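Let me begin by presenting the structure, written as structure tokens, before commenting on it.
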Amino acid sequence: MTEAVDHKRRRWLGATAWGIAAAPFVLNTSTVMSAAHAAPVAPEKKTTSGGNVTSFKTLKQIKAGSLDVGYAEDGPANGTPVILLHGWPYDIHSFVEVAPILAAAGYRVIVPYLRGYGTTRFLSADTPRNGQQAALAQDVIDLMDALKIDKAVVAGFDWGARTACIVAALWPERCKALVSVSGYLIGSQEQNRAPLPPKAELNWWYQFYFATERGEAGYAKYTHDFAHLIWEQASPKWHFDDATFQRSASAFDNPDHVAISIHNYRWRLGAAKGEARYDALEAKLATFPSIGVPTITMEGDANGAPHPDPSAYAKRFSGKYEHRLIDGGVGHNLPQEAPQAFAKAVIDVARS
């Protein structure tokens, strides 16, 4: 169900609520923490479906920048805003259990479909279907402007974590705090030109596949099957059921999904150009700017997707910083596999 944005009434009625205890936020600006040294967080009870909450009450739409953005919203209108950003190939249901936890704690929760997903659409047929990192970050700023949000806690994983890191790095005045799964994910085309050891390159097999015409045609033909395979590889111990997958897979039926996905990975490898209007932002990102806002990075102990060791990025965070390792067979889709741990990180960092 969709409805126009209503600036007078933002709270969902009947949202499921959890109490969640706040833990002290650790000041860690000088110590490089590795996964081996990060204090593990107690595992959550695993289920085949991923949890008990399976849907958002409503979806809203709002014109923001070059997009008509579909998004879920929960919590009081006057609460501290939290923007939750999903990755590829996932969708807003990665946060379907996180949102009501945060809403019950008094936060205003915004969960947008990224460009190329769900009900988010381009306003013009002439706009390039661009998946480069700066474009996705600009989308978040445009959404905040449209919703009249001056400052928000930004949190995400995969593409969403990279986007959240960029917002925190380039627009710190708009970012109250950051939660990023797998840490500092800002990249550059120049950095990506350097070859990796063979085993590392193997983990990125789909990027090379997508760089070919065959890969683009294959992803277009087998989008759902492809996404299912990625889910299995990225979260090998997450026993999600078909209903859980299908709730997210419907978001890939967006008419721009394939184009955005292919361009994102081709741009990373330098096999596709970006838009000139993002050149200045990309130039800043290529210097790997430090992030000074309070930050918690997270990692699941069973993340099957390529990801850096925490020791490789800890020094990128110049403000209050903590790394959390989540035990219990938690994979790449950490918010959906461990929603209470993710929500707790958001609450902790927001209170810092």
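Computed from the coordinates by the stated procedures, all read-outs in this text should not be read as laboratory data. These numbers come from a predicted model, not from an experiment. Using ideal geometry, Cβ is built from the backbone for each residue, glycine included, and neighbour counts are taken over all protein chains shown.
Of note:
- Here's how it looks for Lys176: its modeled amide H is under 5 Å from those of Ala152, Val153, Val154, which are all 5 or more places away or on a different chain.
- For a straight C-alpha distance cut-off of 14 angstrom, the aspartates and glutamates reachable from Lys151 (same-chain residues fewer than eight places away being disregarded) are Asp142, Glu173.
- Out-of-range pairs (alpha-carbon distance over 26 Å; input Lys284/Lys315; Lys176/Lys199; Lys63/Lys176; Lys199/Lys237): Lys176/Lys199
- From the coordinates shown, semi-axes √(5λ) of the Cα gyration tensor in Å corresponds to which of (1) 43, 25, 19; (2) 26, 24, 22; (3) 38, 22, 19: (2)
- Straight-distance candidates among the aspartates and glutamates for linking to Lys221, with alpha-carbon spacing under 12 Å and chain neighbours fewer than 8 residues away dropped: Asp253.
- Least to most buried among Cys175, Cys165 (fewest other Cβ within 10 Å first): Cys175, Cys165
- Here the residues Glu337, Glu275, ranked from fewest to most Cβ neighbours within 10 Å of their Cβ, fall in the order Glu275, Glu337.
- Förster-model FRET efficiency, 41 Å R0, Asp225 and Asp150, C-beta, rounded to 0.05: 0.45
- FRET E, pair Ser318, Glu232, Förster distance 41 Å, beta-carbon r, rounded to 0.05: 0.65
- Anisotropy class of the range 195-352 from Cα gyration tensor, a/c 1.5 cut: oblate
- Packing, as the average of other Cβ atoms within 10 Å across residues, places the peptides 250-258, 197-205 in the order 250-258, 197-205, highest first.
- Counting neighbouring Cβ atoms within 10 Å and putting the fewest first, the residues Ile62, Ile83 line up as Ile62, Ile83.
- By DSSP, the beta bridges lying fully in the chain are antiparallel in about 30 percent of cases.
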